[in-house]
1. Please list, in order along region 50-66, the HN-Hα scalar couplings obtained from phi with the Karplus expression 6.51 cos²θ - 1.76 cosθ + 1.60 (θ = phi - 60°), rounded to whole Hz, x for Gly and Pro.
2. Roughly what % of DSSP beta bridges within region 17-274 run antiparallel, to the nearest 5?
3. Add +1 for every Lys or Arg and -1 for every Asp or Glu among the other residues with Cβ under 15 Å from the Cβ of residue 72, and state the total.
4. For residue 105, which sequence-distant residues (separation of 5 or more, or a different chain) have an amide H within less than 5 Å of its own amide H, given hydrogens modelled in the peptide plane?
5. Place +1 on the Cβ of every Lys and Arg and -1 on the Cβ of every Asp and Glu in region 17-274, take the dipole about the Cα centre, and give the residue among 121, 233, 165 whose Cα lies farthest towards its positive end.
6. For a quick check: with amide H placed at 1.01 Å from N, whose amide H comes under 5 Å from residue 240's, ignoring anything fewer than 5 positions away on the same chain?
7. Identify which of 145, 92, 62 has the largest mean-square fluctuation in a Gaussian network model of the chain, with springs joining Cα atoms closer than 10 Å.
8. What list of ³J(HN,Hα) values in whole Hz, one per residue of region 143-156 in order, does the Karplus curve 6.51 cos²θ - 1.76 cosθ + 1.60 (θ = phi - 60°) give from phi, with Gly and Pro shown as x?
Amino acid sequence: MPDATKAPSSAPVGVDTTRASIARVYDAALNGKDNFEIDREVLRQVATVAPQVNDLAWSNRNFLIRACRFLASQGGITQYLDCGSGLPTAENTHQVVQRLQPTAKVLYVDNDPVVLAHGRALLEENEQTLFISADIFQPEEILGNDEVREFLDFSQPIALVHNGTLHHYLGDDGPEIIKKYTDEMASGSYTVIAHFFDPETPEHSQIARAMEQKFTHSPMGSGVFRTHDQIEAMFGDQELVEPGLVLCDDWWPDGPRVKPLNQVEECIAGAVGRKV
């Protein structure tokens, strides 16, 4: 029986050009080159209700970059477990953190065949970066991996990154999945989460749910827009770094906002939590 919590696009099947891939759809949204017509079709379908759909991906990626800068500079974190690493269209986690912490170790986890090919290239590029193929929604599989345990020291703080992943998990046990990771992590560790967001306001909920319908009924088959409380629950009893769970574009922006956020940018939120 297929797992109803998993999006069809999350199962590894080889490079299948007839089925959309989460990583390749994100790549297409970021104007990358590692995507196929079926991936671009997902964005075209969502664009019929949200023409600025690509901004979901940019808000997600820019939040990741700022969060990683914070963790490396202010948090002093030198170990990163990046789940659902995606394709290197824009700056990847290791590029951001190793500029600030040259000895930082970054372990990427994904099971998309196109991502795996890039992962192998990363191994050749940087000995402080490791890539493994695994299901990010099966923490036991990752935490029990000897290669992971050898590469990361779980007695020291680690940054767990689930950026733009959990909205592709269709079950209600996202908080339990994150807890399995964080239970193994030392005090002083951090968790980064960005997630498609239903603001529960009349002007923005409608567009959030319209995008959800298009994403989940597209060739990708996933893209759940959860509420503030549902996303916040994924952090469990961690302390949220100020300003807490907010729109991705409102989490320590790089400068003053000179133009208002559009409807799509109002529908993706993020936070960084710290294990006490």
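1. So the J values, rounded to whole Hz, are 9, x, 9, 3, 4, 5, 4, 5, 5, 4, 4, 5, 5, 4, 4, 4, 5.
2. Working: 11 of 30 bridges.
Beta bridges within region 17-274, antiparallel portion: roughly 35 percent.
3. +3
4. For residue 105, whose amide H was placed from the backbone, the distant partners under 5 Å are 79, 80.
5. So the residue we want is 121.
6. HN-HN under 5 Å from residue 240: 274.
7. Its mean-square fluctuation being the largest, the pick is 145.
8. Along region 143-156, the couplings run 5, x, 7, 4, 5, 5, 5, 6, 7, 10, 9, 6, 7, 10 Hz.
Quick note: the coordinates plus some simple rules give every number you see, no bench work behind them. Remember, predicted model here, so these are calculated numbers, not experimental data. Glycine gets a Cβ as well: all are built from the backbone with ideal geometry, and neighbour counts include every protein chain shown.
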